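J.: Below are the structure tokens for one structure; questions will follow.
Quick note: the coordinates plus some simple rules give every number you see, no bench work behind them. This is a predicted model, so every value here is computed, not measured. Here the Cβ positions follow ideal geometry from the backbone for every residue, glycine too, while neighbour counts run over all protein chains shown.
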Amino acid sequence: MNKFFIAFLFSSFTVFAQQTDVVDFLNINATVTPMSAKKSIKGTVKCSFKILQKTDSIYLDAKNMKVINFALEGIVVKAGSEKIWLLNSFEAGRTYTAFFTYEAEPKQTLYFFGNEIWTQGQGKYTSHWLPSIDDVNDKIEFDLSIVSSDEKNVIANGKFLNVENKGSVKYWHFDMKEPMSSYLVAFAIGDFNKKELFSNSGTPIELYYKLSDSMKVEATYRYSKQIFDFLESEIGVPYPWQNYKQVPVRDFLYAGMENTTATFFSEAFMVDSTGFNDRNYINVNAHELAHQWFGDMVTEKGSEDHWLQEGFATYYALLTEKEIFGDDYYYWQLYQTAEQLKAASDEGKGESLLNPKASSLTFYQKGAWALHLLRERIGDEAFKTAIKNYLEKYKFKNVSTEDFLNEVKAVSAIDISDFEKDWLQQSAFQSEEAYQSLLKSTFIKKYFEVSALRATPLEDKKIQLKTALTFPNDFIGQEAVYQLVDEPISETLPLYKNAFESNNLYVRQAVALSLQTIPKELQKEYESLLSDKSYVTMETVLYQLWMQFPEKRVKYLNKTKGIEGFQNKNIRQLWLTLALITDGYENAEKENYLKELKNYTSTDYSFEIREKAFEYVNELQLWDLETLKNLAEACVHPTWRFSKPSKEMLNNLLQDKKYYEQVKVLGRQVSGKAANYLNSIIKE
Ligand SMILES: [Zn+2]
């Protein structure tokens with residue numbers, strides 16, 4: 001045992017409970033080199049910190065890192081399994097600088113997929129790839145340099161300074177001016193192009209995309225400038241950082257992540273103008289941008305304040321959608337989440353907003369509801385002033401729910417103690433108050449009138465349904481269509497005709513999704529759905545038509561040939577499947593189609609594409625050595641949304657002796673991780 005070991009044992013157990021009382025890390029200047037071959041990273045860290053209380057050891061969080069060099073100002077650097085210790089006789093009031101290099105093979109937080117590399121700090125701990133501070137309460141100015149060996153583009157927090165060529169590698173230098181919590185540090189490397197624009201206030205906005213997605217840039221990023229300008233004026237405090245970037249990455253774990261100045265989001269949101277009608281990026285775009293104020297600039301002190309981030313980002317995203325899509329859309333979203341919150345609450349699963357372990361539904365949706373109602377109660381002006389004061393007072397600091405409420409109380413004489421009790425502390429959802437608020441929308445009132453007809457016999461509501469389907473509102477029209485489902489077709493035919501003739505994309509989609517048997521009388525109208533600008537509609541309709549009118553299969557296939565659909569290639573993969581099983585259809589091409597479909601299960605593709613491909617391969621029982629290997633790899637994919645169904649599928653296949661024998665011998669042909677997994681489930 002050496003003296004340093006004794007020193008850190010002593011100090012970590014007796015001198016301080018919370019490191020933030022002892023030291024304030026000011027700056028971390030890191031140069032990192034991610035290495036794809038081993039999925040590892042090495043780096044150099046220069047960090048400066050101010051000692052607040054005399055001590056002989058402080059630490060940076062660092063998971064399983066090897067420190068391979070040290071010494072500056074007499075500071076000794078030593079790695080443990082969870083931390084890197086900096087040891088010296090530190091004196092209060094002095095600022096020190098430590099310098100060291102490190103290496104790590106991160107188990108999480110840093111991901112390598114195909115030719116992309118990206119990080120995800122929240123919920124995963126940046127300290128897996130970069131020595132930093134897991135506690136959100138120590139905000140640090142991070143200046144990153146990323147070393148990349150090829151022509152790829154690099155994106156990281158802050159302002160891009162320059163690229164330095166050093167031999168065969170490039171150093172990309174970035175600069176942050178303000179401090180942030182460590183979970184918001186990020187970088188991404190990939191074949192990205194970018195489109196640049198400026199907000200009204202002059203902030204540079206960079207919208208990244210892959211070259212192969214060039215045709216999707218306009219639809220995906222539609223309204224981006226408007227969203228930025230709206231939030232800046234609605235929040236009333238200028239955007240706090242030097243610039244803003246948005247980067248779609250493949251195989252992303254979540255919808256989006258608000259890394260400071262550099263939002264990463266799931267590539268699945270890249271859509272063309274048809275896909276835009278079904279799933280657009282607007283909500284996530286606005287949500288992550290709102291976090292740049294709520295979360296990044298003012299950060300929760302602890303998990304009991306988590307709604308100050310998620311509730312606020314959800315609420316401001318909703319306000320943005322109201323600005324773009326109108327009041328009806330706003331109230332419809334509130335109504336949808338009220339239904340979910342009420343259902344959970346009725347089951348006894350309601351949660352207080354201040355519960356540190358609450359679900360996403362609570363933090364996000366109940367949080368948004370709380371802000372919606374608080375604003376109704378104190379009025380627009382007081383609400384906006386409170387938000388502005390709150391953000392300005394705690395700029396680049398950490399906040400608690402009390403800090404926010406104090407700012408509300410400072411600008412409004414209205415008593416909010418009931419609000420605090422009902423919406424923050426109470427676990428049950430206050431559905432009556434929510435319902436009364438929803439009724440302020442005439443659209444919601446009308447919707448309730450139509451949905452109240454669900455139990456009414458068709459004969460007695462035909463006129464109302466016809467009205468709802470003639471020049472319909474999206475949501476009311478859909479409700480009317482769903483009320484036709486269990487009625488005899490002979491009675492509903494004219495109403496279905498109204499629905500088709502409405503030319504409303506979403507009402508027609510409701511027909512596509514709900515009509516299980518297509519009557520001859522509606523065949524022509526139903527076929528016209530195949531041309532609707534919606535990949536959701538097209539996928540269902542192509543399948544239904546192919547099933548129900550075999551004599552026209554070739555015609556349907558020819559009409560949809562070459563259409564890709566969403567990022568997961570939903571139309572293309574369905575098309576390939578149907579083409580393969582349509583007798584006599586393009587026989588000469590069948591082998592290619594088969595190859596293409598099976599190939600979509602491989603790690604060359606994103607998990608969304610693979611997930612669909614596995615479903616079809618399984619449906620048609622096309623399993624062979626390659627696809628089984630791909631399935632084994634899918635079982636160890638970091639995204640549980642993908643690995644879980646893959647494991648279930650593999651498990652089912654193993655019930656079949658034929659597949660069991662094939663999977664048993666795969667071990668040597670898959671990655672180490674997949675081989676370990678196979679070992680754990682194959683029982684002799
Ligand atoms: Zn969020």
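J.: Between S36 and K393, with labels modelled 7 Å along Cα→Cβ, what's the label distance in nm to one decimal, could you check?
T.: 5.0
J.: Can you give the net charge of the other residues whose Cβ lies under 9 Å from the Cβ of L253, counting K and R as +1 and D and E as -1?
T.: It works out to a net charge of +1.
J.: If you don't mind, another one. Express in nm, to one decimal, how much length is gained between D624 and L161 on full extension, taking 0.36 nm for each residue of separation and deducting their alpha carbon distance.
T.: The span from D624 to L161 would gain 161.7 nm if fully extended.
J.: What number do you get for region 623-684 when its Cα radius of gyration is normalised by 2.2 N^0.38 Å, N = residues?
T.: 0.99
J.: If you place +1 on the Cβ of every Lys and Arg and -1 on the Cβ of every Asp and Glu, how big does the dipole about the Cα centre of region 310-433 come out, in debye to the nearest 20?
T.: Roughly 520 debye for region 310-433.
J.: Multiply the residue separation of Q426 and K357 by 0.36 nm, subtract the distance between their alpha-carbon atoms, and state the gained length in nm to one decimal.
T.: Gain on stretching Q426 to K357: 23.4 nm.
J.: If you don't mind, there's one more thing I want to ask. Treating the Cα atoms of region 441-560 as identical point scatterers in vacuum, please give the log10 of the normalised Debye intensity I(q)/I(0) at q = 0.13, 0.15, 0.22 Å⁻¹, two decimals.
T.: Here log10 of I(q) over I(0) equals -0.50, -0.65, -1.23.
J.: In 5 Å bins starting at zero, report the fraction of Cα pairs in region 342-393 per bin as a rounded %.
T.: 4, 18, 20, 19, 17, 12, 6, 2, 0
J.: Using only C-alpha positions, report the orientation-averaged shadow area of the convex hull of the chain, nm², one decimal.
T.: Value for the chain: 35.7 nm².
J.: Ok, one more. Arrange the following residues from fewest to most other Cβ atoms within 10 Å of their Cβ: M297, M547.
T.: Fewest to most other Cβ atoms nearby, the residues stand as M547, M297.
J.: Per 10 Å bin, what is the whole-percent P(r) computed from every C-alpha pair distance within region 16-88?
T.: It works out to 17, 51, 26, 7, 0, in whole percents.
J.: Let's test this: bin the Cα-Cα distances of region 532-578 at 5 Å from zero up to the farthest pair and state each bin's percent.
T.: Computed distribution, short to long bins: 5, 24, 37, 24, 9, 2, 0.
J.: Find the centroid of the Cα atoms in region 87-127 and in region 490-548, then give the distance between the two in whole Å.
T.: 54
J.: Ratio of alpha-carbon Rg to the 2.2 N^0.38 Å globular estimate for region 191-297, to two decimals, please.
T.: 1.00
J.: Separate question: Please work out the Cα convex hull volume for region 523-675 and give it in Å³ per residue.
T.: 121
J.: Structure shown: which of K598/K664; K39/K395; K598/K657 lie over 25 Å apart, alpha-carbon to alpha-carbon?
T.: Distance filter (> 25 Å) returns K39/K395.
J.: Rounded to the nearest 0.05, what FRET efficiency do R279 and K50 give with R0 = 35 Å and r taken as the Cβ-Cβ distance? Could you check?
T.: Between R279 and K50 the formula returns 0.15.
J.: Turning to a different aspect of this structure: Placing +1 on the Cβ of each Lys and Arg and -1 on the Cβ of each Asp and Glu in region 1-189, which of P179, A79, S89 has its Cα farthest towards the positive end of the resulting dipole?
T.: Result: A79.
J.: Now a separate question. So if the hydrodynamic radius of region 177-245 is defined as the Kirkwood radius over C-alpha pairs, what does Stokes-Einstein give as its diffusion coefficient at 10 °C and 1.306 mPa s, in µm² per second?
T.: The estimated diffusion coefficient comes to 115 µm²/s.
J.: Turning to a different aspect of this structure: Could I get the Rg over Rh figure for region 511-602? Both from C-alpha atoms, Rh via Kirkwood, rounded to two places.
T.: When Rh is taken as the Kirkwood radius, the ratio is 0.97.
J.: Rounded to whole Å and sorted largest first, list the principal axis extents of the Cα atoms in region 131-267.
T.: Cα extents, longest axis first: 46, 41, 30 Å.
J.: Which distance in Å, rounded to a whole number, links the C-alpha centroids of region 577-633 and region 361-387?
T.: Answer, in whole Å: 49.
J.: Next question. Set Lys and Arg Cβ to +1 and Asp and Glu Cβ to -1, take the dipole of region 623-684 about its Cα centre, and tell me which of L625, W640, L678 lies farthest positive.
T.: Selected residue: W640.
J.: What whole number of Å gives the distance from the Cα centroid of region 427-489 to the Cα centroid of region 147-161?
T.: 52
J.: Using packing as a proxy for protection, rank 527-537, 343-353, 357-367 so that the peptide with the highest average count of other Cβ atoms within 10 Å comes first.
T.: Peptide ranking by packing, descending: 357-367, 527-537, 343-353.
J.: While we're looking at this one, here's another question. Tell me, what is the FRET efficiency for R454 and A92 to the nearest 0.05, using R0 = 56 angstrom and their Cβ-Cβ distance as r?
T.: With a Förster radius of 56 Å, E is 0.20.
J.: Using the C-alpha gyration tensor of region 1-189, what are the square roots of 5 times its eigenvalues, in whole angstrom, with the largest one first?
T.: Equivalent ellipsoid semi-axes, largest first: 29, 17, 15 Å.
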